Every structure is written in C-alpha cells, then in structure tokens.
C-alpha cells in the first residue's frame, strides 16, 4: 500500500488562517473606545464570546476581554461609567490571513493571550481564539484517526 506524502496544507501546523476560515466566515463583534465597560460585557454575554475588538473609525485601536472587564470591576471601577478606553489593551498583537495555525499558537503563547485579531489590508476580518484553534485541532485529528482506521481495515481485509 502506498503512503502518499501529505501536502503542507494538509498538515494542521501549516494550514493558514485563510484556509481555516474559508469554510466558516467569522463575524467581528466590536465596541467603540467611548462605550462603557457594561456595554462591552453585554455584547460578550449576548454573543457568547470572550472578547471584543475596539474599533475607532474602522481602525483597530484595542481589544477588551472578559478578564479585563472583571479586573476593572474588582478595582472598584463602575462598569456603567468606566469607558472601554480606560481598560482596553492598546498594543494589540495581531495575525494576518497568511499566518499558520502554528504561528497563531506561538503568538498566543509568547504574549500570554487567548484572542488574536486577524487583520487583512488594515481591516480587522476575524478574531481567532485559543478555543477556535483547539476545535480545529480536534476536528483535524478526528479526520486523521478516521483515515488511519480506514487504512488499517484495508490492510486487515487484504491480508485475510
């Protein structure tokens, strides 16, 4: 039985975000720097997401996670009156569509982050989370296991 060599895009670590997002376009949930922390929390709760990007005039100026909001509240800042600009992360680590699965994991690990905005031609087109990458890995490995089981059964039945 011949064993074809896998092309790089078939190996999860080498798959680009463009390939990963091709089948499932992402929706961007954003807030403005002048919005309240409460409004950001409401968006995150309504959409069941862990962060929102902060856009001003269409440009990415920050990112805010549930954790950032929780820390603000624990610091006795009112979520109704505290603005996103007061708590957002301004030096946003981003990826682009040519970044690979492995590149994204590396960036997240190096910067201790769980959400990575994806930028294409100065436009934020998606946010990839560590959960997104984990889901992709699980699906990929399930496919590999199925292929190996099929190959094993073929080998077993051809020698019987």
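The values are calculated or read from the model by the stated rules, or taken from the named source; none is laboratory data. Quick caveat: nothing in here was measured; it's all calculated off a predicted structure. Glycine gets a Cβ as well: all are built from the backbone with ideal geometry, and neighbour counts include every protein chain shown.
Is it the case, given these coordinates, that residue 126 is touching a residue at least 40 places away in the same chain (Cβ under 8 Å), more than 23 Å from residue 32 (Cβ to Cβ), surrounded by 10 or more Cβ atoms within 10 Å (Cβ to Cβ) and touching a helix residue (DSSP H, G or I) at 6+ places or on another chain (Cβ under 8 Å)? Lay out the reasoning, then the answer.
Working: touching a residue at least 40 places away in the same chain (Cβ under 8 Å): yes; more than 23 Å from residue 32 (Cβ to Cβ): no; surrounded by 10 or more Cβ atoms within 10 Å (Cβ to Cβ): yes; touching a helix residue (DSSP H, G or I) at 6+ places or on another chain (Cβ under 8 Å): yes.
For residue 126, the condition - touching a residue at least 40 places away in the same chain (Cβ under 8 Å), more than 23 Å from residue 32 (Cβ to Cβ), surrounded by 10 or more Cβ atoms within 10 Å (Cβ to Cβ) and touching a helix residue (DSSP H, G or I) at 6+ places or on another chain (Cβ under 8 Å) - is not met.
Can you pull out the residues in segment 50-107 that are over 15 Å from residue 34 (Cα atoms) and in contact (Cβ under 8 Å) with a residue 60 or more places away in the chain?
50, 51, 95, 96, 97, 98, 99, 100, 101, 102, 104
Mind checking which strands (runs of 3 or more DSSP E) fall wholly inside segment 52-160 and carry at least 1 residues that are modelled with pLDDT under 95? Show your work before the answer.
On the way: elements: 59-65, 115-120, 123-129.
Qualifying strands (runs of 3 or more DSSP E): 115-120, 123-129.
Would you check which residues across segment 36-51 are in contact with a helix residue (DSSP H, G or I) (Cβ under 6 Å, 6 or more places away or on another chain) and either outside any helix (DSSP H, G or I) or surrounded by fewer than 17 Cβ atoms within 10 Å (Cβ to Cβ) (or both) and list them?
50
So which residues in segment 43-54 are under 13 Å from residue 118 (Cα atoms) and over 17 Å from the mean Cα position of the chain (by Cα), if there are any at all?
none
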